[in-house]
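The values are calculated or read from the model by the stated rules, or taken from the named source; none is laboratory data. The shown structure was predicted, so the numbers you read here are calculated from the model rather than taken from an experiment. Here the Cβ positions follow ideal geometry from the backbone for every residue, glycine too, while neighbour counts run over all protein chains shown.
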Amino acid sequence: MSKEPRPVYAAELDVLGFDAYWKYVHQNELPYLWAEANCYYYRGQMVAKLKGGDVYTAPQIELMADENGDILLPKGSELTCVDIPRMVAKNREMLELIEQTTVKKIVAVYEKYRAKLDCFHVAFSGGKDSCVLLDLVKKALPQGSFVVVFGDTGMEFPDTYALVDQVEAECKAEEIPFYRAASHFTPAESWNLFGPPSRTLRWCCSVHKSTPQTLKIREVLGKKDYVGMDFVGVRAEESVRRSSYQYENYGKKQRGQFSHNSILKWTSAEIWLYIYTHKLLINETYKKGNARAGCLFCPMSGGVSGFFRQESYPDEVRQYTDIIKNTHGGAKKQAESYLVNGGWNARKNGRDLLDNPFRCVETVEKNTVRIVVRRPDSDWQEWMKTIGELRVEGEVCYLAYKRETIRFVVKQTADGYDVRISERTLKDRPELSKLFRQVFRKASYCSSCRVCETNCPHGCISFNEGKVKIDGCIQCHACHDIDSGCLMFHSLRHPQGGGKAMKSLNSFADHAPKPEWMKSFFELKEAFFTEHTLGPNMYDMFRRFLRDAGLNEKNHFTPFAELIADLGWDSAEAEGLILLNLAADNPQIAWYIKNLDLNRLYARADVENMLLAFEVKPKDAKSIVKSFKRIVNTPLGTVLNFGYVSEDGSLCRTKCVLSDARVFLYGLFKFAEKCGDYKAFTLSTLLNDTIERDGISPTQIFGVTREEAEPMLRGLSAKYSDFIDVSFTHDLEKITLAEDKSSTDVLELFRTEEV
């Protein structure tokens, strides 16, 4: 059997329509089968499986047959219940050992921290795991040493509330304090404010679960800066993410707080065995086919689980499906598809939401970062206290930041304000760049969800009638360690470039190219795509690199790749051409070039902060920083000199080798083509990196100065007059590229001339 089996009761069989195939008594005291995912087992043998299914569509039932085609459990078969007493008896010794080991762990962590912490509490959800956890904590800890907190999201299964009522009554009878913690938002209010939650925008857990629990414990203790430990019913087998968890964590769930995953190594089979052995309460929702008892309409669920929920709780589910459809910005038919096909829980930003105007827009104009805030919901000056002391003199503002005084301007507008600050000021201070931008995101989108308040370990942030108040802030920046600085901004933000989706900056995840991969590619050529030895993720990421480098087109070795092979793929000329393609088509390489100044050492943390300011997720930021080392260890770094990583892990982009002027000419055409085929410009324009444009100048890519560019351009104009005309007379510096030529034509020069 699988590590995650669950019992199957008559209620689930009825919902799926198994009563048309098998006979069974319609009782829900004892299960008839076991299930794992969509597979059903009877007496240890898989007898049926489900195919398809969604919130409105029942899954298809497929009965299993043996090798001769005979149905293993044919129509008309009569089911007998699982022999629970026998199962319990056979596994008693094993379960006792697991139970004793876990109880000892709980006792040990309690003894370790009892004199150091303000409280211990069990995070109770009403699910099977938290029921087992609570029972174990009761056995391990003395009366009065812990409390129980039910995080009431307002989105629980009706059956969960029924079980919680029973558990609360039991706790009160045993004189164990039991509290309910709920957000001041109703689910309908929060879903409409933030937009429906999704797999990547899980604001709901913070707003409706962790934040209310922390606030409740602060209320009970009368202490804003308490430090406690919560016992959590998390198990490693539940997901890949949870498989990496440790028993004991600090700040994993809530900043400044400890947590203990006491049943981390338990399997689902062991959980159910414990429940049956000790006759614990069972949430009736499990008997209706729901594998998990979490939120009623969770973005992490889908497929057949949606069907179970819709069938069992149609009225409760409808309020969430209606919000999803009503907040979608498309037509009615599109909204229906958005719901059924899972578009809603794949949402990554606010682009598809109805009535979601731009409220905080960041641009760069003439070396100045401009932040336009419309309809602000909070006082930016309060949030600025999280960075440093502020002094305002009319429109001019002065911020004390790390022994410096940072100057910026805030001008009032009809519906908000217009903020201006030097681009260089922010670029030279990556952490400030992130924090400064986040202040105005907080100010423009703050909904008083109170997540920032609970993230502050010192109790400096409070809300009164929806207005933020910050007192005694020590600038620890914990309130900024939230996605994009503000959950609501993160959920409603528009992709860069208006409503147009932006390519992900994290192009390679943790699988940036290696020199041996490139060597293998050029040795095997076309055969590489079928004969490589890379793992699936490595291969996918490397293919992306090859595509953006112009070396791969639909798993074929391109004519450009043939040219690179002829030049010697690891030569400076070849790598220069590859870099120019990457700068044009790969957002990650382009970001390095645009944001890392030449010959400046950047600490890893600084680069991560810079990326966070660009709305990159923390995990992706770490991958992008990590990838830099892999990239500069290829000939892009070792031959072309693109950059290096120092012994202490700092990143540095360096001036590249440019041994062939034709590479620069290719770069000029790539630049022009990327900028809309505008083929006439000045050298000053070429050298001005502050201009907002789609293309990246080859002077910026290679680190070419004016003194180096002028003679090279004159030489190109003299030798390749069919391609380029350059004039440096009477203070004029005009560069004109031939209208009938393209970057592809420049490549022919490498084929017809010797390097």
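Can you name every residue in segment 639-669 that is crowded, with 19+ Cβ neighbours inside 10 Å and within 33 Å of the chain's Cα centre (by Cα)?
Within segment 639-669, ASN641, PHE642, GLY643, VAL645, LEU651, ARG653 qualify.
Pick out the one residue from ALA346, ALA400 that is within 30 Å of ALA335 (Cβ to Cβ), of a type in the set (A, V, I, L, M) and either surrounded by fewer than 20 Cβ atoms within 10 Å (Cβ to Cβ) or assigned by TED's automatic domain parsing to the domain that holds PHE258 (or both).
The unique qualifying residue is ALA346.
Could you identify the single residue in ILE282, ILE323 that is β-branched (Val, Ile, Thr) and under 17 Å from LEU133 (Cβ atoms)?
Criteria check complete, one pass: ILE282.
Of LYS325, LYS366, LYS333, which residue is out of contact with any His (no Cβ under 7 Å at 6 or more places or on another chain) and under 30 Å from ILE691 (Cα atoms)? Outline the logic, then answer.
Values: LYS325 fails: under 30 Å from ILE691 (Cα atoms); LYS333 fails: under 30 Å from ILE691 (Cα atoms).
The match here is LYS366.
Looking for whichever is in contact with an Asp or Glu (Cβ under 6 Å, 6 or more places away or on another chain), crowded, with 18+ Cβ neighbours inside 10 Å and closer than 30 Å to VAL103 by Cα here; the options are SER262, SER268. Which one fits?
Answer to the selection: SER268.
Determine whether segment 100-113 contains at least one residue that is under 20 Å from PHE18 (Cα atoms) and β-branched (Val, Ile, Thr).
Step one: of segment 100-113, the residues under 20 Å from PHE18 (Cα atoms) are none.
Within segment 100-113 (the criterion being under 20 Å from PHE18 (Cα atoms) and β-branched (Val, Ile, Thr)), the answer is no, since none of the residues qualifies.
Kindly indicate which of ASP66, ASP118 is within 34 Å of the chain's Cα centre (by Cα) and either of a type in the set (Asp, Glu) or outside the structural domain of ILE176 (by TED's automatic domain parsing) (or both). Write out each step before concluding.
Values: ASP66 fails: within 34 Å of the chain's Cα centre (by Cα).
Going through ASP66, ASP118 in turn, just one is within 34 Å of the chain's Cα centre (by Cα) and either of a type in the set (Asp, Glu) or outside the structural domain of ILE176 (by TED's automatic domain parsing) (or both): ASP118.
Pull up segment 588-630, narrow it to residues that are touching a Leu at 6+ places or on another chain (Cβ under 6 Å) and aromatic (Phe, Trp, Tyr), then point me to the one that is surrounded by the most Cβ atoms within 10 Å (Cβ to Cβ).
PHE628
Go through segment 150-185 residue by residue and tally those that are of a type in the set (A, V, I, L, M, F, W, C), touching a residue at least 24 places away in the same chain (Cβ under 8 Å) and either part of a helix (DSSP H, G or I) or crowded, with 22+ Cβ neighbours inside 10 Å (or both).
Total satisfying the criteria: 8.
Restricting to segment 405-444, count the residues that are of a type outside the set (A, V, I, L, M, F, W, C) and touching a helix residue (DSSP H, G or I) at 6+ places or on another chain (Cβ under 9 Å).
15
Determine if segment 726-747 includes at least one residue that is among the basic types (Lys, Arg), surrounded by 17 or more Cβ atoms within 10 Å (Cβ to Cβ) and more than 40 Å from the chain's Cα centre (by Cα).
Checked against the condition, which is being among the basic types (Lys, Arg), surrounded by 17 or more Cβ atoms within 10 Å (Cβ to Cβ) and more than 40 Å from the chain's Cα centre (by Cα), segment 726-747 yields at least one hit.
Of SER650, SER623, SER646, which residue is under 24 Å from ASP483 (Cα atoms) and in contact (Cβ under 8 Å) with a residue 12 or more places away in the chain?
The unique qualifying residue is SER623.
Select from segment 655-686 the residues that are over 21 Å from PRO587 (Cβ atoms), at pLDDT 90 or above and not hydrophobic (A, V, I, L, M, F, W, C) and list them in ascending order.
Scanning segment 655-686 gives LYS655, ASP660, ARG662.
Does segment 380-427 hold any residues that are of a type in the set (D, E, K, R), within 12 Å of ARG370 (Cβ to Cβ) and in contact (Cβ under 8 Å) with a residue 24 or more places away in the chain, and which are they? Walk me through it before giving the result.
Step one: filter segment 380-427 for residues of a type in the set (D, E, K, R), giving 382, 385, 389, 391, 393, 395, 402-404, 407, 411, 415, 418, 420, 423-424, 427.
Among the residues that remain, those that are also within 12 Å of ARG370 (Cβ to Cβ) are: 411, 418, 420, 423.
ASP418, ARG420, GLU423, listed by residue number.
Considering only strands (runs of 3 or more DSSP E) fully contained in segment 656-755, which possess at least 2 residues that are in contact (Cβ under 8 Å) with a residue 40 or more places away in the chain and over 26 Å from TRP569 (Cβ atoms)?
Numbers: elements: 680-682, 724-727, 734-737.
In segment 656-755, the matching strands (runs of 3 or more DSSP E) lie at 680-682, 734-737.
Being outside the structural domain of PRO618 (by TED's automatic domain parsing), surrounded by fewer than 17 Cβ atoms within 10 Å (Cβ to Cβ) and closer than 25 Å to VAL607 by Cα is true for just one of THR386, THR405. Which residue is that?
Of the residues listed, the single one that is outside the structural domain of PRO618 (by TED's automatic domain parsing), surrounded by fewer than 17 Cβ atoms within 10 Å (Cβ to Cβ) and closer than 25 Å to VAL607 by Cα is THR405.
If I filter segment 451-473 for residues that are of a type in the set (A, V, I, L, M), surrounded by fewer than 22 Cβ atoms within 10 Å (Cβ to Cβ) and either assigned to a loop (DSSP other than H, G, I, E, B) or in the same structural domain as VAL625 (by TED's automatic domain parsing) (or both), do I get at least one hit?
no
Would you point out the residue of segment 682-699, among those that are touching a Lys or Arg at 6+ places or on another chain (Cβ under 8 Å) and either of a type in the set (Gly, Ala, Ser) or farther than 21 Å from VAL369 by Cα (or both), that is surrounded by the fewest Cβ atoms within 10 Å (Cβ to Cβ)?
THR682
Residue by residue, here is whether (1) under 21 Å from LEU582 (Cα atoms); (2) of a type in the set (Phe, Trp, Tyr); (3) not assigned by TED's automatic domain parsing to the domain that holds ARG370 holds:
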{"residue": "TYR666", "(1), (2), (3)": "yes, yes, yes"}
{"residue": "ALA672", "(1), (2), (3)": "yes, no, yes"}
{"residue": "TYR678", "(1), (2), (3)": "yes, yes, yes"}
{"residue": "ASN688", "(1), (2), (3)": "yes, no, yes"}
{"residue": "ASP725", "(1), (2), (3)": "no, no, yes"}
{"residue": "LYS734", "(1), (2), (3)": "no, no, yes"}
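What's the number of the only condition in (1) farther than 20 Å from ILE271 by Cα; (2) in contact with a Leu (Cβ under 6 Å, 6 or more places away or on another chain); (3) buried (at least 19 other Cβ atoms within 10 Å of the Cβ) that THR102 fails to meet?
So the condition that THR102 fails would be (1).
Residues in segment 149-172 that are more than 28 Å from the chain's Cα centre (by Cα) and within 18 Å of ILE282 (Cα to Cα): how many?
Adding up the residues that qualify gives 14.
Determine which single condition GLU316 fails, assuming it passes every other condition in (1) over 30 Å from GLU36 (Cα atoms); (2) out of contact with any Gly (no Cβ under 9 Å at 6 or more places or on another chain).
(1)
So if I check each of PHE628, PHE664, PHE671, which one is out of contact with any strand residue (DSSP E or B) (no Cβ under 7 Å at 6 or more places or on another chain), closer than 30 Å to HIS494 by Cα and not aliphatic (A, V, I, L, M)?
None of the others qualify; the one that does is PHE671.
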